[in-house]
Amino acid sequence: MRRRGLLFALIFALGAVSGYSINSIRQQLRAKHVAAARKTADSAASIGRLTKKLHLSAKQRTEIAKIIDARRRDVQALKSDFRPRYAVIRRSTKQDIQTVLDEQQKSRFRLMTEQAEKNYPWMQAEEAAPPQDDSSRPDGESPGLDDDSQT
């Protein structure tokens, strides 16, 4: 009887984990789909505004759509380069601030940053980025609050 209860609990736990995992994957796929749809709608709206104000021909609309799509890819490439570097700066800034705080302030600061990450999910992805090598910096230091080159 005890084995049956343990087996039931195990099956229940596996079901809960599976359901949670599937739901997380579904939400991620939906977010990607919504983002792609938004980009398509933004492009269409941009072209629509230009068409209306500039009286574009069909050929011009097609060419401008190609230009906008190419530039969107350029911006995505820039973001993929920028975000990991930005994450390093954010991480080192948080570390530098914590060196100034007492234990109670550190605890509050952690709560504040966790809340910010909940409100701005893109911060979580950036924080997960691996640290970049700062050996190319002339001073050998990692960027932080006292780094004048960041202003």
Within the stretch 4-46, work out how many residues are farther than 30 Å from residue 64 by Cβ and β-branched (Val, Ile, Thr). 4
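Conditions tested, residue by residue: (1) farther than 30 Å from residue 114 by Cα; (2) of a type outside the set (Gly, Ala, Ser); (3) loosely packed, with under 10 Cβ neighbours inside 10 Å; (4) modelled with pLDDT of 85 or more.
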{"residue": "3", "(1), (2), (3), (4)": "yes, yes, yes, no"}
{"residue": "8", "(1), (2), (3), (4)": "yes, yes, no, no"}
{"residue": "12", "(1), (2), (3), (4)": "yes, yes, no, no"}
{"residue": "38", "(1), (2), (3), (4)": "no, yes, no, no"}
{"residue": "61", "(1), (2), (3), (4)": "yes, yes, no, yes"}
{"residue": "69", "(1), (2), (3), (4)": "yes, yes, no, yes"}
{"residue": "78", "(1), (2), (3), (4)": "no, yes, no, yes"}
Scan the stretch 45-103 residue by residue and report those that are in a loop (DSSP other than H, G, I, E, B) and either out of contact with any helix residue (DSSP H, G or I) (no Cβ under 8 Å at 6 or more places or on another chain) or of a type in the set (D, E, K, R) (or both). 55, 57, 102
So in the stretch 111-131, with the set limited to residues that are at pLDDT below 80 and in a helix (DSSP H, G or I), which one is nearest to residue 82 (Cα to Cα)? 126
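Residue-wise test of (1) acidic (Asp, Glu); (2) more than 20 Å from residue 120 (Cβ to Cβ); (3) exposed (fewer than 12 other Cβ atoms within 10 Å of the Cβ).
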residue	(1), (2), (3)
17	no, yes, yes
29	no, yes, yes
33	no, yes, yes
50	no, yes, no
84	no, no, no
Assess whether residue 108 counts as being modelled with pLDDT of 50 or more and surrounded by 13 or more Cβ atoms within 10 Å (Cβ to Cβ). no
Select, from 101, 56, the only residue that is over 22 Å from residue 35 (Cα atoms), in contact with a Phe, Trp or Tyr (Cβ under 7 Å, 6 or more places away or on another chain), surrounded by 13 or more Cβ atoms within 10 Å (Cβ to Cβ) and at pLDDT 90 or above. 101
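The values are calculated or read from the model by the stated rules, or taken from the named source; none is laboratory data. No experiment lies behind these values; they were computed from the predicted model shown. A quick note on method: Cβ atoms are made from the backbone with ideal geometry, for glycine too, and the neighbour counts reach across all protein chains shown.
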